[in-house]
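**Student:** One structure, pasted below without further comment.
The values are calculated or read from the model by the stated rules, or taken from the named source; none is laboratory data. Here the structure is a predicted model, which means the values were calculated and not measured. Neighbour counts run over all protein chains shown; Cβ positions are idealised from the backbone, glycine included. Please note that ligands, DNA and RNA were not included when accessible areas were found on the heavy atoms of the full protein model with its side chains. Shrake-Rupley method; radii C 1.70, N 1.55, O 1.52, S 1.80 Å.
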Amino acid sequence: MRPPLPAPVKKAFFLSSLSTDQLNYLNIGLMLAAAVAAFVKPFEVFLFVYALLGPLHYLTEISWLHDRKYFTRGRNDYLVLVAFAGIISIIDMGIVPGIPAWLRVAVTYLAFGSALVFVLVSKAWPRLVCYAALVATTGLVIRIDFLQSLFSVLLPTIVHVLVFTGLFILVGALKNRSVSGISSLVVFGFCSLSFFVLGRAKPTDDVGGYVQKTYLVFAQLNYSLMTPFSQHNLNVPANITEYVKYINTVLYHSPTALAVMGLIAFAYTYHYFNWFSKTSIIQWHNIPRPRFIAVIVIWLASIVAYAYDYRFGLRWLFFLSLTHVLLEFPLNHLTIINIGKEFKTIVSPEAALRRPEKA
């Protein structure tokens, strides 16, 4: 039996009094607001919310996961994920030169697979067998282009903020069987597709020099997502010329590239909105006062770092950002498992009646 949560900070949060239906309708409004903002100013909106809401999201989610033992079976499983985040940070930030690019893919794959082991397996020997299977399949992962892009770029970014957010909405809608829940899922899907269905009537020419220069560090994600449309191959070093050409001539002018950028801006903006709106359900704000103060202080320091130099802010928060993604992996796996269980109860309602209630 897990120990009770620590004494919360006594704060008056308006959102903590919302019902599930009210929260769903609020989130529909937040989805639409995020989509409109991302359609009008995708680059600027993304950079703004990433710097302002991103750090607070990392800190509060890690705190929330910590109080729930990171949804793993082992007491110190989370330390393995933190170690993986540290290795990836060293690779990405170039602290140790000469590390091959495939190592980042391998480490991310091992982290994602290990998180599933932490959720399903508790005994030592079965875990060792699972780890051996993960290591054995790593060589296959680093040889397949799609899996390289998935684990090196997509999983910690767009999959985290868009796909898993959609799965969280889906599992909530399935559990509650409410009109508001299904409606929020439909609106989320519509907003995600709207950038490709509606699109821009003409390319944007109003992206300032500062925004262009600042966004370059994120452009690899856009380039990867454009692969199905323009057959880019990010994994071939010889194509670096094509990549530079893409940045200079495609990113700010191609209708498809702008649709991809709109999707990215919407996904990140609503991902943060969704987290902070769920006060009444997940109680992320119920934390000890000293931790609450520490979160606020680090958040404000992060905003100052971004204001001083955006790239400095990214380096300052890179490890924290990546750590919160990896620590969420066990919850992502549990969400997928619970979706399967909910679909099973829909297909076989009598199974739900036989299943005992769990806290």
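**Student:** Explain nothing, just the number: relative contact order of the chain, from Cα pairs under 8 Å at least 6 residues apart, as a whole percent.
**Tutor:** Rounded, it is 38 percent for the chain.
**Student:** Now for a different question. Determine the per residue accessible area of the chain with all protein chains present and a 1.4 angstrom probe, expressed in square angstrom.
**Tutor:** Result: 51 Å² of accessible area for each residue.
**Student:** Per the 1.4 Å probe, what fraction of the accessible area of the stretch 61-115, in percent, lies on carbon and sulfur atoms?
**Tutor:** Roughly 66 percent, rounded to a whole number.
**Student:** Greater than 29 Å separation of Cα atoms is the criterion. Which listed pairs, K41/K341; K123/K278; K69/K344; K41/K69, meet it?
**Tutor:** Correct reply: K41/K341; K123/K278; K41/K69.
**Student:** Out of T137, P100, G172, whose Cα points farthest toward the positive end of the dipole of the stretch 73-210 (charges: +1 Lys, Arg; -1 Asp, Glu; placed on Cβ)?
**Tutor:** G172
**Student:** Return the carbon/sulfur percentage of the accessible area of the stretch 138-184, one whole number, probe 1.4 Å, all protein chains in place.
**Tutor:** Carbon and sulfur: 71 percent of the exposed surface of the stretch 138-184.
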